[in-house]
Amino acid sequence: MAYQTIKYDIVEQILTITLNRPEQLNACTATMEREIVDAFDRADKNDDVCAIIVTGEGRAFCAGADLSSGGDTFDRDTRRGPVKRLPDGAVDYSDPKVSDGGGKIAMRIFKCLKPVIAAVNGPAVGMGATMQLAMDIRIASEAARFGFVFSQRGLVPEGASSWFLPRVVGIAQALEWSLSGRVFPAQEALAGRLVSKVVPPDQLLPTARELAREIVNKTSSVSVALIRQLMWRMLGADDPMEAHKIESRGMYTRGRSADAKEGVMAFLEKRPAVFRDKVSADMPEFFPWWTEREYK
């Protein structure tokens, strides 16, 4: 796919996805939604990508959904054509036309096998805020601003943010930001644990790349893929035994792997490890059925 609204650049095994509609503050369109999903599809299949950074071109990260259609912006029947109806005339909510675009992005990032770092360079509101929640680490520029503004637009949160946001920042903080819909500065995002670090604008990408390089250069890509999925998916487990069962499978399969042997020997020999296992070929056999689920 030739991208129109994002940039896709790989340097030193780090993929940088840049939202690229700077004149529109990188407001998200249906085209951008499709391109972001495609970019993550490509990244998962490419063993030369070991970490991903997402940022915005120009002065904004993402100003949310493109509102150029005016009052009909969020009217699915008007924008996508009438949704299916059941025999009694009720809406058939299984119709793909009902699915929100921000949710498609969030769920694709959630299922990603590579670690994802958000480098928030400027305003990030609506979809621009929710799409970050499925990313693993968020670093903000001092110029960044955040807003879960849906209540001020007559909407509800999207992008699966009612699941992600309370888990990232806690229910009280999630409700304060979501009920008020106000826009808040980077330092408040740091205090509320939405981001892990706030840095000067010129240090944002170098900081993100330094962190990405540490992951790329020092870790097993297969281990990272499994750790990412373990952490996110166990947030929904109802008992620690669920984590124990999956971790036991992971320890058994990874303990027999070439990467595990290399990691131990490199430590004993006091040298950098050279991990050779690939996400494309060396994920454990239990992994597909553990993560497969239909998202509509």
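The values are calculated or read from the model by the stated rules, or taken from the named source; none is laboratory data. Bear in mind that the values here come from a model prediction, so they are computed numbers and not experimental data. No Cβ is skipped: glycine too gets one built from the backbone with ideal geometry, and neighbour counts run over all protein chains shown. Note: areas computed on protein heavy atoms with side chains; ligands, DNA, RNA excluded. Shrake-Rupley method; radii C 1.70, N 1.55, O 1.52, S 1.80 Å.
Taking the residues in the range 255-284 that are basic (Lys, Arg) and within 12 Å of Ser221 (Cβ to Cβ) as candidates, determine which candidate is least open to solvent (accessible area, probe 1.4 Å).
Per the stated criteria, the residue is Lys278.
Please identify the pairs in which a residue from the range 47-68 that is farther than 12 Å from Gly122 by Cα has its Cβ atom under 6 Å from the Cβ atom of a residue that is hydrophobic (A, V, I, L, M, F, W, C) and surrounded by fewer than 20 Cβ atoms within 10 Å (Cβ to Cβ), counting only partners at least 6 apart or on another chain.
What qualifies is Cys50/Val216; Ala51/Ile215; Ala51/Val216.
Take the range 152-192 and flag every residue that is among the aromatic types (Phe, Trp, Tyr) and under 15 Å from Gly128 (Cβ atoms).
Matches in the range 152-192: Phe164, Trp177, Phe184.
I'd like the full set of residues that are over 23 Å from Arg108 (Cβ atoms) and either open to solvent by less than 70 Å² (accessible area, probe 1.4 Å) or touching a residue at least 60 places away in the same chain (Cβ under 8 Å) (or both), limited to the range 161-191.
Listed by number, the residues that qualify are Gly170, Gln173, Trp177, Ser180, Gly181, Val183, Phe184, Pro185, Ala186, Glu188, Ala189, Leu190.
Is there a residue being surrounded by 18 or more Cβ atoms within 10 Å (Cβ to Cβ) and more than 29 Å from Gly103 (Cα to Cα) anywhere in the range 216-225?
yes
Inspect the range 68-86 for any residue being of a type outside the set (Lys, Arg), open to solvent by 40 Å² or more (accessible area, probe 1.4 Å) and closer than 29 Å to Ser280 by Cα and give the result as yes or no.
Within the range 68-86 (the criterion being of a type outside the set (Lys, Arg), open to solvent by 40 Å² or more (accessible area, probe 1.4 Å) and closer than 29 Å to Ser280 by Cα), the answer is no, since none of the residues qualifies.
For the range 255-296, name all the residues that are in contact with a Pro (Cβ under 8 Å, 6 or more places away or on another chain) and either in a loop (DSSP other than H, G, I, E, B) or at pLDDT below 95 (or both).
Listed by number, the list holds a single entry, Lys296.
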